[in-house]
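Below is one structure; the comments refer to it alone.
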Amino acid sequence: MRNFRNWLLQLQYGYADQFDVQRASGLQRTCVVMALLTLSALVYFVPNATIEPNGVTLVIVTLALLVLSFAVIGLVQRGQLALGGQLLVAGVTIGILAAELPFGLQNGGIVSVALPLIMAGVLLDGRGLLITTLTLVGAGVLTELSVLTGLITPIPYPELRPIIVGGFALVGCAGVLWVFASSQQLVFERIARAVRDLRAGVSLTQALGNSSSEDELFAQAVEAVRDQFGYYHVQVYLIEPSSHLIVRRARTGSTLIGDDVERRIAPDDMTNPVAEAIRTRAPKRVTRRSPPERQSEFLGSTQTELLLPIRRGDQVLGVLDVHSTQPDAFLDVDAQSLESLAIQVAIALQNLRQTIALGTLQTERDRLGAQSIRLASEVERLNREAAGQTWTRHLQSRASDTIGFDWQNGHITPGTTYSPSLARAVEGTMAQVQQVDGGQVLSVPIMLRGQPFGAMEFRAAGSSPWSPRSIELARQIAGRLALSLENIRLFEQSQTTASREQTINQVAARLQGQTDLDQLLSIAADSMSQALGASRTSIQIKLLDQPSGIKESP
């Protein structure tokens, strides 16, 4: 009996669309109202079936409508909402016409025809309403034509039948309209709640987006949830990365100082609902009827508590703990809204952490970049110094600190004197154009790895300046000349090194073949004099005096 009552009054099929849920609930309640009306009609029609005109037909139609009501409820419970509505309207239309046409739609019959019209308007779409209206109008017109032509002789109504039929029809119409009105009211309430949740979500998103730290984020989150939904108390717990303990980070009406900071929960606490929500990754609802150990987070006026995991994907970051003073708070719709807000808090928390991490990474990157610039500058300086020192040693090895040539009128002559313009070009490391003795002088430094080690000078007669193209050409030539000079230096250095190694090997070969000490020293003096180009070479071997404290061996 209990299962039948639940089947009759509660919607068991899970419709995905909320509007389908409302239509299914309204259709189910309409069938229940119609079943009650048909049962009441049977109480009147069955005793009078044999004496009232068309009484047997009325009993059959009433029983058919009763069966139809249960059949439509069965279709609704199986998810066939559209078929159930169409079947109900069609059955009621046929039943009303079958019961009232023999009387010619007089008096109460006209009122009863309004019932299928109202049902069609409530349960069907515009097309279904149009078909129902045309069916009723067509049946009424055909009935009246048949009466006028004498094909049908209307049966006179019994004395009380118009009042009873009209009363049942009015009650039926009122019942359908009541079902429709209650369904619409529920829809309006859901729309208003959805608008409230949307506004709360937008407000929470704006508040979280302006947070610059985790503490500020959680403080704004709990205040926004409390103010937007009007709950009694809201707090946030977070998993501490270092200890993995569950730590309270924010609560409404408190700044979390003193004892509040010490509110920590072990993740393996089997009785605490906060730890349970994190372990199961699912919302938990606690009421005053729950065991006392599960009411560990209750405040003085708390009647219902809802704990929502703050998670992003499979990762649980903490718990949003919401308290209400209402014993029946946090229904499914409220829980879904708060769960979406918990997800927003998780997203904001991860975004904030990523922003902080990116800021730290950017700071470290800037530090490394500045360090790289300093190192590159230092390397460049060392390269310049090395290039300068290398060429200084190379020129010294050639017994001259300056190498140069002058070209004039097709003749090349050595020139080792630095003119003032050449000196300024080397010191400034830039090409310079000056007017000297009525002519234009272009001085271009010869640079290697940023270090100048020479210069070129070009003279042109007349006062016309060197063009930028000529200056750039001179710079390019100076660059190529620097590379060629460096290659020549390296080649000469390699030859010098090879010659030195050959001389050393030759001297070593002459010394290794000797067996007499005096002969060895004589050949060594002769070989080294030749290798070094010395005019005199002395080699002395003498036993030096031993330092004090060192004794000779016996």
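Quick look at the values:
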read-out: Subset of the range 496-532 that is under 26 Å from residue 394 (Cβ atoms) and of a type in the set (A, V, I, L, M) - its residue that is most open to solvent (accessible area, probe 1.4 Å); value: 532
read-out: Residues located in the range 328-384, provided they are outside any helix (DSSP H, G or I) and in contact with a strand residue (DSSP E or B) (Cβ under 8 Å, 6 or more places away or on another chain); value: 328, 329, 330
read-out: The listed residue being basic (Lys, Arg), open to solvent by 60 Å² or more (accessible area, probe 1.4 Å) and more than 58 Å from the chain's Cα centre (by Cα), out of 469, 480, 459; value: 459
read-out: Boolean, residue 295 is open to solvent by 70 Å² or more (accessible area, probe 1.4 Å) and modelled with pLDDT under 90; value: no
read-out: Matching entry among 211, 203 (being surrounded by 14 or more Cβ atoms within 10 Å (Cβ to Cβ), part of a loop (DSSP other than H, G, I, E, B), modelled with pLDDT under 75 and touching a helix residue (DSSP H, G or I) at 6+ places or on another chain (Cβ under 7 Å)); value: 211
read-out: Output for the range 298-322, where each listed residue is open to solvent by less than 40 Å² (accessible area, probe 1.4 Å) and either within 17 Å of residue 252 (Cα to Cα) or not in a strand (DSSP E or B) (or both); value: 298, 302, 304, 305, 306, 307, 308, 318, 319, 320, 321, 322
read-out: So residue 61, is it within 16 Å of residue 112 (Cα to Cα) and either of a type outside the set (Asp, Glu) or at pLDDT below 85 (or both); value: yes
read-out: Residue that is farthest from the chain's Cα centre (by Cα) [pool: residues in the range 268-292 that are open to solvent by 40 Å² or more (accessible area, probe 1.4 Å) and among the β-branched types (Val, Ile, Thr)]; value: 271
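The values are calculated or read from the model by the stated rules, or taken from the named source; none is laboratory data. Just so you know, these numbers come straight off a predicted model, no measurement behind them. As a convention, Cβ positions derive from the backbone with ideal geometry for all residues, glycine included, and neighbour counts pool all protein chains shown. These area figures cover heavy atoms from the full protein model, side chains too; ligands, DNA and RNA do not enter into them. Shrake-Rupley method; radii C 1.70, N 1.55, O 1.52, S 1.80 Å.
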